[in-house]
Amino acid sequence: MANRNAELSDKILSLKKQKNAVILVHNYQLGELQDIADFIGDSLGLSQNAAQTDARVIVFCGVHFMAETASILCPDKTVLLPDLDAGCPMADMITAEQLRQKKSQLPGVPVVCYINSSAEVKAESDICCTSANAIKVVESLEAKEILFVPDQYLGHYVATKTNKKIILWPGFCPPHARIQPEDITRLKEAYPQAKVMVHPECTPAVIALADEVLSTSGMCRFARETKAKEIIVGTEVGIIYRLKKENPTKRFIPISEQVICPHMKLINLEKVLWSLQEMSPEIKVPEATRRRAKAAVDRMLAIGRQD
């Protein structure tokens, strides 16, 4: 298996040079993909990384909305998603038409859209946010009421940190919703010295038991900077590969082995190689949608630091 992966990796890296491509790999992806990445990170940060390169081709090892974000920010580049079935259940919990209907019921209420959403939904929104800057984005708006889509748990977390009224859309991330408070209490008993970090996509009951509530980039930074030698990790288990690699002297304990996003595991080395060979499947956001979606992203970026 190791020889096979090495052979595939060599072919990919050679073809990457020929095609002037950059390989973006999300924190939740397979370790074999993280090992060949030009950039590893969260969805927005990866697209920003790609925009700053002179690469003509982006191979996005992530899910569909992430490749769309790359297309929004890098319209002059060819964006490839090696498996079209790599989607996001939470992003699919709201459509542009559903959002338009909700907006008609809430005239004048601005829409804050989590970056984990489709380009069409971003295009219907006033401003985007990440899990790292959601509080800052909401606070930046003058309105007293905010419609927050699509993640109700991230929206609820923001609501606990602001005086604004947050109207929640009933979306959620299935893997993060699987994490139970009992998972934390059990592991705290087993590892009493460990720090607990969880993603704000978790339920309020889980967040209440955590030492730190962090985005994936925030988790990577916390893992580097903390003096704790044991860390309980409350997010998709794929990130543990990176955490261990970057912090070999520390122990990372998954909060639950059930926190797996099957969509994030669809892409592998074979599919990346095929995608580069065939220059397919390509993700291209239509220009009219792209411009409106980019306006919502740009408003967020104008606020400042994102992670």
Check your understanding: Taking Leu84, is it crowded, with 17+ Cβ neighbours inside 10 Å and either in contact (Cβ under 8 Å) with a residue 24 or more places away in the chain or over 28 Å from Ala177 (Cβ atoms) (or both)?
Key -> no
Check your understanding: Taking segment 229-244, which residues are in contact with an Asp or Glu (Cβ under 9 Å, 6 or more places away or on another chain) and surrounded by fewer than 19 Cβ atoms within 10 Å (Cβ to Cβ)?
Key -> none
Practice item. Working carefully through the options Cys220, Cys261, Cys202, find the one that is hydrophobic (A, V, I, L, M, F, W, C), touching a His at 6+ places or on another chain (Cβ under 6 Å) and surrounded by 13 or more Cβ atoms within 10 Å (Cβ to Cβ). Key: Cys202
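Quick one: which residue in Glu189, Glu230 is at pLDDT 95 or above, among the acidic types (Asp, Glu) and closer than 28 Å to Gln34 by Cα? Spell out how you get there, then give the answer.
Working: Glu189 fails: closer than 28 Å to Gln34 by Cα.
The conditions single out Glu230.
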Exercise for review: Please state which of the following conditions Leu44 fails to meet, knowing it meets all the rest: (1) crowded, with 20+ Cβ neighbours inside 10 Å; (2) more than 21 Å from the chain's Cα centre (by Cα); (3) at pLDDT below 95; (4) of a type outside the set (Asp, Glu).
Suggested key: (2)
Review point. Considering Glu189, Glu257, which residue is more than 16 Å from the chain's Cα centre (by Cα) and part of a helix (DSSP H, G or I)?
Key: Glu189
**Study point:** Set Ile240, Ile255: member being farther than 24 Å from Ala37 by Cβ and in the same structural domain as Val196 (by TED's automatic domain parsing)
**Key:** Ile255
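Mind listing whichever residues of segment 179-220 are among the basic types (Lys, Arg) and within 19 Å of Ile240 (Cα to Cα)?
At the first step, the residues of segment 179-220 found to be among the basic types (Lys, Arg) are 186, 188, 195.
Across segment 179-220, the qualifying residues are Lys188, Lys195.
Residues are listed down the side, and each one gets a yes or a no for (1) of a type in the set (Lys, Arg); (2) touching a helix residue (DSSP H, G or I) at 6+ places or on another chain (Cβ under 8 Å):
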{"position": "Tyr241", "(1), (2)": "no, yes"}
{"position": "Thr249", "(1), (2)": "no, no"}
{"position": "Lys265", "(1), (2)": "yes, no"}
{"position": "Ile283", "(1), (2)": "no, yes"}
{"position": "Glu287", "(1), (2)": "no, no"}
{"position": "Arg292", "(1), (2)": "yes, yes"}
{"position": "Asp298", "(1), (2)": "no, no"}
Review point. Since Val272 meets every condition but one in (1) among the β-branched types (Val, Ile, Thr); (2) outside the structural domain of His64 (by TED's automatic domain parsing); (3) part of a helix (DSSP H, G or I), which condition does it not meet?
Key: (2)
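Here is a list: Ile231, Ile255. Which entry is touching a Phe, Trp or Tyr at 6+ places or on another chain (Cβ under 9 Å) and among the aliphatic types (A, V, I, L, M)? Break it down into steps so the answer makes sense when it comes.
Numbers: Ile255 fails: touching a Phe, Trp or Tyr at 6+ places or on another chain (Cβ under 9 Å).
Testing whether each residue is touching a Phe, Trp or Tyr at 6+ places or on another chain (Cβ under 9 Å) and among the aliphatic types (A, V, I, L, M) leaves just Ile231.
Here is a check on your reading of the model: is Ala50 of a type in the set (Gly, Ala, Ser), modelled with pLDDT under 95 and closer than 27 Å to Ser14 by Cα? Walk me through it before giving the result.
On the way: of a type in the set (Gly, Ala, Ser): yes; modelled with pLDDT under 95: yes; closer than 27 Å to Ser14 by Cα: yes.
So Ala50 fits the description; yes.
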Study note, to complete from the structure: Over segment 192-217, the set of residues part of a loop (DSSP other than H, G, I, E, B), under 24 Å from Lys250 (Cα atoms) and of a type in the set (S, T, N, Q) is Gln193, Ser215
**Study point:** Number of the condition not met by Lys227 [criteria: (1) assigned by TED's automatic domain parsing to the domain that holds Pro181; (2) among the charged types (D, E, K, R); (3) outside any loop (DSSP other than H, G, I, E, B)]
**Key:** (3)
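The values are calculated or read from the model by the stated rules, or taken from the named source; none is laboratory data. Since the structure is predicted, the reported quantities are computational estimates derived from the model, not experimental observations. FYI the Cβ positions are ideal-geometry reconstructions off the backbone, even for glycines, and counts take in every protein chain you see.
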